[in-house]
Structures are given as structure tokens and as C-alpha cells.
């Protein structure tokens, strides 16, 4: 379950951190205790936790506007073949391409493997002020570097992609070559973003 665009967050200077980013840290710290619990205790705790989450969603979060976002499964008809998706992504080079599904992300990553195209990713959110302030610069860089693929990932829309890329704060910029992450930058620092893009795309 993910929160809508009114997600609770903490903004510190050029970075916004969703409160949900603290959960992996808490889980990591509690793991040594968790693995030593008997399976029936783990199961009981999971059941109670899920019940508590549902209760809080109904009685607290919905009332203050933090409505739950139901993650829709992609229909098989909506998934484009990788070849078609790759052509569409290449057509978007010279601008910023928005990715809206896990299949879009996979196709973009595959494009970096199949060709000599570097991908620059902007992990962003509509509720993140620093993200919105640096977006015009990201679009300018996309125009200047038409030989690279510049994509935008909304972390509320593609939460699984955000977690798999180890993104904990917004904005986060990452560069991929050959399907592998080669650099990352967290925060809306214009000079560092320009330097990172110039270093990898020149």
C-alpha cells in the first residue's frame, strides 16, 4: 500500500524524504530479533500488524487525507513488446520521457543494454518542492544531450522501481549504462547535476 500525493514527508534543504523511507531502517535494525522468533510468533505479529494498518487507514489516515493508493496490476494487453517500447523511448530522446509502469522501466533499462545509449533518471514526486524547482534544468539537459535517454520516474507511481533502485530521498538522479547504475546524486543541486551529466555523457 502506498500513499497518494499527500504523503507525509520531511523536507530538509534541497531534499525531501518520505516518512516511509524510515521503515527499511527500522526493519534492518529489528531483523536480528525477528529471525530468532518462532514461525508461529512471526505469523501472529504479521497478522496483527496488517490489522493495525487497516484500522489506522480507515480511522486516521483517510480522515486526514492520506488516502491509500491501490496499485493496479498491468493488463497483459497493456504491456508493449520490448522492441516497440525501445523504438518509442528512442523517439523521445532530446526530451524527458515519463515512465508509468514497471514494463516501461524494464524497456528503458533494456535499451541501455542493447544499444550504446546512456539513461539519466530523475526520481521525483509531485509533492516534492525541490524536485519541481530542478525539473526545468533536467529538461534543458535532455535537450542538450539528445544522444542520451532522460526519463522521469514518479516514486508514488512506481514505488517498486524506487525501492529496487535504492532511492530514499527526492530528487535523486541516477545514470545507467549497459543496464548498470554508474552514478547517483541525491538533492536538487544544479551544479552537481550538470557536472554529473557532463562527465558521463560527454
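The values are calculated or read from the model by the stated rules, or taken from the named source; none is laboratory data. What you see is a predicted model; the values in this text were computed from it and never measured. Cβ sites come from the backbone with ideal geometry, for glycine too, and all protein chains shown count toward neighbours.
Per-structure values
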read-out: In the stretch 79-108, residue nearest to residue 195 (Cα to Cα) [restricted to those that are modelled with pLDDT under 55 and in contact with a helix residue (DSSP H, G or I) (Cβ under 8 Å, 6 or more places away or on another chain)]; value: 82
read-out: Some residue of the stretch 48-70 being farther than 24 Å from residue 166 by Cβ, under 24 Å from the mean Cα position of the chain (by Cα), modelled with pLDDT under 65 and assigned to a helix (DSSP H, G or I); value: no
read-out: Candidate set from the stretch 121-149 (those that are touching a residue at least 60 places away in the same chain (Cβ under 8 Å) and not in a helix (DSSP H, G or I)); member that is nearest to residue 89 (Cα to Cα); value: 149
read-out: Filter result for residue 111 (within 16 Å of residue 189 (Cβ to Cβ), assigned to a helix (DSSP H, G or I), assigned by TED's automatic domain parsing to the domain that holds residue 189 and touching a helix residue (DSSP H, G or I) at 6+ places or on another chain (Cβ under 8 Å)); value: no
read-out: Test: residue in the stretch 117-138 that is loosely packed, with under 15 Cβ neighbours inside 10 Å, at pLDDT 90 or above and either more than 20 Å from the chain's Cα centre (by Cα) or more than 25 Å from residue 198 (Cα to Cα) (or both); value: no
read-out: Residue match in the stretch 176-196 (condition: free of Cβ contacts under 8 Å to residues at least 12 places away in the same chain and on the phi > 0 side of the Ramachandran plot); value: no
